1. Among the numbered conditions (1) out of contact with any Cys (no Cβ under 9 Å at 6 or more places or on another chain); (2) at pLDDT 60 or above; (3) surrounded by 12 or more Cβ atoms within 10 Å (Cβ to Cβ); (4) not β-branched (Val, Ile, Thr), tell me where Arg160 comes up short.
2. Of Leu66, Leu70, which residue is more than 18 Å from Gly33 (Cα to Cα), of a type in the set (A, V, I, L, M, F, W, C), in contact (Cβ under 8 Å) with a residue 12 or more places away in the chain and surrounded by 22 or more Cβ atoms within 10 Å (Cβ to Cβ)?
3. I'm trying to understand the selection: among the residues of segment 1-14, which are surrounded by 22 or more Cβ atoms within 10 Å (Cβ to Cβ) and either of a type in the set (Ser, Thr, Tyr) or outside any strand (DSSP E or B) (or both)?
4. Which count do you get for residues in segment 214-242 that are charged (D, E, K, R) and assigned to a strand (DSSP E or B)?
5. Can you tell me which of Ser116, Ser79 is in contact with a Leu (Cβ under 7 Å, 6 or more places away or on another chain), of a type in the set (Gly, Ala, Ser) and either farther than 25 Å from Lys27 by Cβ or surrounded by 15 or more Cβ atoms within 10 Å (Cβ to Cβ) (or both)?
6. List every residue pair whose Cβ atoms sit under 8 Å apart, with the two residues 6 or more apart in sequence or on different chains, where the first one lies in segment 6-21 and is over 18 Å from Ala207 (Cβ atoms) and among the small types (Gly, Ala, Ser) and the second, anywhere, is at pLDDT 95 or above and outside any helix (DSSP H, G or I).
7. Which condition does His82 not pass, out of (1) at negative phi; (2) in contact (Cβ under 8 Å) with a residue 24 or more places away in the chain, if it passes all the others?
8. Answer yes or no: is there a residue in segment 86-100 that is crowded, with 19+ Cβ neighbours inside 10 Å and touching a residue at least 60 places away in the same chain (Cβ under 8 Å).
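The values are calculated or read from the model by the stated rules, or taken from the named source; none is laboratory data. Keep in mind it's a predicted model, so treat the numbers as computed, not measured. Glycine gets a Cβ as well: all are built from the backbone with ideal geometry, and neighbour counts include every protein chain shown.
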Amino acid sequence: MLVILKRDNEEANEHAAQLIAGAIKKKPSLTLGLATGNTMLGLYRHLVRLHQSGPLDFSGVVTFNLDEYLGLPASHPQSYHHFMHEHFFRHVNVLERNIHIPDGSIRGDYDAYCASYEQAIRAAGGIDLQLLGIGRNGHIGFNEPTSSLASRMRLKVLSRETLDDNSKFFGPGEEGPRCAITTITMGIGTILEARKILLLATGASKAAAIAKSIEGPITCAVSASALQLHPDVTFVLDEPAAAQLAERDYYHRVLQMTALLTPDRL
């Protein structure tokens with residue numbers, strides 16, 4: 001596990017974008033797992049800038065998103081389909097056929113649909129690099145506390161805390177659709193199968209979850225603590241998100257030594 005500490009949100013976003021860009025340049029056909037949410041907005045902005053000024057070529061990249069609200073069609077302004085196209089896909093040259101986002105409008109055999117999404121990941125050769133955010137309660141994807149650490153892609157009901165956090169994505173006076181309390185999400189076991197994992201976290205509201213995930217015990221009460229089981233995880237944090245880490249100075253020293261040995265981390 002590598003913990004990279006940056007001064008602020010902007011520096012963390014830029015560094016995470018540079019890591020992803022480096023991975024794409026190293027492997028143009030990269031299979032990239034993607035995440036949504038406020039934390040990712042700055043990261044995607046930097047990736048778009050790198051594409052437009054580089055250019056950073058996304059034409060061979062295959063993407064798989066972590067999750068989607070159940071009951072929201074792709075055209076809904078609060079769907080993750082809309083989020084990804086608005087903030088990222090329409091600004092870069094990723095091919096439409098290479099974009100995979102769970103379908104929130106499905107009806108019927110949900111288990112079969114989830115199995116087919118995982119099969120599509122396997123058919124693409126597995127995820128090379130999985131991007132993650134983290135919730136205040138330590139969830140990754142929409143794997144809320146008590147999720148099995150071996151869980152696969154499935155339907156998941158959101159906790160009240162996550163619903164409250166996500167309410168800001170809906171306009172003033174607009175209530176999220178009742179069906180959106182349930183999501184389709186990659187499981188923790190699915191996430192852990194990625195070859196490399198990059199978790200980006202910024203802001204003081206994530207500090208407790210980050211400390212539990214990195215320095216606490218591995219427990220289903222904090223889904224992100226399962227990342228301790230993975231052999232190649234990088235956390236990119238700003239100082240507020242790292243504020244409750246007991247070993248911040250240690251992580252600074254390890255980063256300095258690692259940079260000398262492996263300047264091209266991803």
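1. That leaves (3) as the condition not met.
2. Step by step, each of Leu66, Leu70 is checked, and only Leu70 is more than 18 Å from Gly33 (Cα to Cα), of a type in the set (A, V, I, L, M, F, W, C), in contact (Cβ under 8 Å) with a residue 12 or more places away in the chain and surrounded by 22 or more Cβ atoms within 10 Å (Cβ to Cβ).
3. If the condition is that a residue be surrounded by 22 or more Cβ atoms within 10 Å (Cβ to Cβ) and either of a type in the set (Ser, Thr, Tyr) or outside any strand (DSSP E or B) (or both), then Ala12, Asn13 are the ones that fit.
4. 1
5. Step by step, each of Ser116, Ser79 is checked, and only Ser79 is in contact with a Leu (Cβ under 7 Å, 6 or more places away or on another chain), of a type in the set (Gly, Ala, Ser) and either farther than 25 Å from Lys27 by Cβ or surrounded by 15 or more Cβ atoms within 10 Å (Cβ to Cβ) (or both).
6. Filtered contacts from segment 6-21: Ala21/Leu56.
7. (2)
8. No; the residues of segment 86-100 include none that is crowded, with 19+ Cβ neighbours inside 10 Å and touching a residue at least 60 places away in the same chain (Cβ under 8 Å).
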